[in-house]
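Please read the structure below before turning to the comments.
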């Protein structure tokens, strides 16, 4: 269905939309594709990887047919970014239960701290090719 790495994100979360825009600006090779979890393609990809279609609890990264979530997903994305961001992948040596505790704290408070939209973001015409 898709080739290359894919980020599935909560399309109504302002923090998540900011993370998508951050990634788009720094993925100079334009390798990563994106889909909101709430879209049909997002729901289909979730189901293909054994998650319920209404799953919005975590950022998802699909790479080489394998699904990663939470802090591991975020760190794996860093490897595709320009600048010094790939160095962040070194944090993968921190045990997942520690990394995910930080991730979960931010995820739990993301709507309260950053707000949410009434509908999923609509990509600009120049960004549209990056969205599934």
(request) Please indicate, with yes or no, whether at least one residue in segment 21-40 is free of Cβ contacts under 8 Å to residues at least 60 places away in the same chain, surrounded by fewer than 17 Cβ atoms within 10 Å (Cβ to Cβ) and in contact with a strand residue (DSSP E or B) (Cβ under 6 Å, 6 or more places away or on another chain). (result) no
(request) Determine which member of the set 116, 48 is in contact with a strand residue (DSSP E or B) (Cβ under 8 Å, 6 or more places away or on another chain) and touching a residue at least 24 places away in the same chain (Cβ under 8 Å). (result) 116
(message) Given the condition under 13 Å from residue 6 (Cβ atoms), in contact with a helix residue (DSSP H, G or I) (Cβ under 8 Å, 6 or more places away or on another chain) and at pLDDT below 95, answer yes or no: does some residue in segment 36-55 qualify?
(response) yes
(request) Output the residues belonging to segment 77-92 that are touching a helix residue (DSSP H, G or I) at 6+ places or on another chain (Cβ under 7 Å) and surrounded by 18 or more Cβ atoms within 10 Å (Cβ to Cβ). (result) 77, 78, 81
(message) When the residues of segment 88-116 are narrowed to those that are more than 17 Å from the chain's Cα centre (by Cα) and not in a helix (DSSP H, G or I), which ends up modelled with the lowest pLDDT?
(response) 115
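The values are calculated or read from the model by the stated rules, or taken from the named source; none is laboratory data. The shown structure was predicted, so the numbers you read here are calculated from the model rather than taken from an experiment. Note: ideal-geometry Cβ built from the backbone for every residue, glycine included; neighbour counts use all protein chains shown.
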